[in-house]
Amino acid sequence: MHTDSAMHEWQIEPREYARQEARRGRRHAYTSLDPARTALIVIDMVPFFVEANPYVRGIVPNIGRIAETLRTAGGLVAWVLPANEAPLGRVSGEFYGPVVSQTFAATGGEGPPRSRVWHAFDVRPDDLVVEKTAYSAFFPGRCLLPELLAERGTDTVVITGALTNVCCESSARDAATAGLRVLMVADANAARRDQDHNATLHTIYRSFGDVRTTNEILDLVGRSTPSYPCRAATSRKARP
């Protein structure tokens, strides 16, 4: 098992910040959040991805900090895992080839879903744990997450996990299309290369959501007024 870790050298170009500031009069789209209506979405932080990539290992502490702070303020943490099938459905074998397709179908690991989350995380009983059968956790019919968040009145999602430019970007795009406020955390997502990571941050910031650091997310939560609404019962499929 690899134990080294790394963090991306991330950036959004000054000209893109300037363009958004000219458009809306401020750098960041979302300047406040209600913890009771906010969910931290942690995507694919399972051994298959964490063990293979030092950038994925590097974001573990930041995800843990956000999870603990948001829970304390009355927010929700949702752990999203790959289901045991390839993400492109019936065309996966043709697209990836049979060997890679079978590999992708096994990325989620074995055993109860809660046991598959990377061991360094503290998965609490009130957290959601759901599986997805596509790259996106928000594509209709491929994950229970959208319906479970709607039951709780969630209007804001904080996207973290791996890989930035695949499952995290796909989820952020679909969440935004569904009308949710999307915040992608620059230092709590991980790709294989800085250029892949930064390309996604630019795309999300430009067209789909806000891009913030871990410390900025913690500050937004800290400046909010905690509230503790009565949540609907979680479905058994989401709470294995």
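The values are calculated or read from the model by the stated rules, or taken from the named source; none is laboratory data. Quick caveat: nothing in here was measured; it's all calculated off a predicted structure. Here the Cβ positions follow ideal geometry from the backbone for every residue, glycine too, while neighbour counts run over all protein chains shown. Side chains included, ligands, DNA and RNA excluded: accessible areas come from the protein's heavy atoms. Shrake-Rupley method; radii C 1.70, N 1.55, O 1.52, S 1.80 Å.
Take every DSSP beta bridge with both residues inside the chain and express the antiparallel ones as a percent of the total, to the nearest 5.
Among the beta bridges of the chain, antiparallel pairing accounts for roughly 5 percent.
For THR38, what charge total do you get from the other residues with a beta carbon under 12 Å from its beta carbon, if Lys and Arg give +1 and Asp and Glu give -1?
+2
What accessible area per residue comes out for the chain, rounded to a whole number of Å², with a 1.4 Å probe?
46 Å²
Percent relative contact order of the chain, based on C-alpha pairs within less than 8 angstrom and at least six residues apart? Don't skip to the end; give the middle numbers.
On the way: 470 pairs, mean separation 66.2, N = 240.
Relative contact order, the chain: 28 percent.
Kindly report, to the nearest 10 Å², the accessible surface of SER170 as traced by a 1.4 Å probe over protein heavy atoms only.
40 Å²
Is the shape of segment 75-148 rounded, prolate or oblate, going by the alpha carbon gyration tensor and its root eigenvalues a ≥ b ≥ c, with a/c under 1.5 for rounded and a/b larger than b/c for prolate?
Values: a/c = 3.37, a/b = 1.60, b/c = 2.10.
Verdict is oblate for segment 75-148.
Rounded to the nearest 10 Å², what accessible area does ARG206 have for a 1.4 Å probe in the complete protein model?
Near enough 110 Å² of accessible area.
Compute the distribution of all C-alpha to C-alpha distances in segment 81-205, in bins of 5 Å from 0, and list the percent of pairs in each, rounded to whole numbers.
Bins of 5 Å from zero give 2, 10, 18, 21, 22, 17, 7, 2, 0 percent of pairs.
In µm²/s, what is D for segment 136-186 at 37 °C and 0.692 mPa s, where D = kT/(6 pi eta Rh) by Stokes-Einstein and Rh is the Kirkwood radius from Cα pairs?
Roughly 301 µm²/s, to the nearest whole number.
Determine the shape class of segment 1-86: with a ≥ b ≥ c the square roots of the Cα gyration tensor eigenvalues, call it rounded for a/c under 1.5, and otherwise prolate if a/b is greater than b/c, oblate otherwise. Walk me through the intermediate numbers first.
On the way: a/c = 2.17, a/b = 1.39, b/c = 1.56.
The shape class here is oblate.
Regarding segment 66-115, what's the average projected area of the Cα-atom convex hull, expressed in nm²?
4.7 nm²
When only DSSP loop residues count, what GluC sites (Glu not before Pro) in segment 108-170 have their Cβ near at most 12 other Cβ atoms within 10 Å?
Those satisfying the criteria are GLU110.
Would you list THR3, THR160 from the most to the least accessible area, probe 1.4 Å? Intermediate values should be presented prior to the final figure.
Values: THR3 125, THR160 0 Å².
Order by accessible area, largest first: THR3, THR160.
Over all directions, the average projected area of the alpha-carbon convex hull for the chain comes to how many nm²?
Value for the chain: 12.8 nm².
Roll a 1.4 angstrom probe over the protein heavy atoms and tell me the percent of accessible area of the chain that is carbon or sulfur. Walk me through the numbers on the way to the answer.
Details: 5810 of 11150 Å².
The nonpolar share, carbon plus sulfur, comes to 52 percent.
Measuring from label point to label point, each 7 Å out along Cα→Cβ, what is the ALA178 to ARG19 span in nm?
Here the modelled spin labels are 2.8 nm apart.
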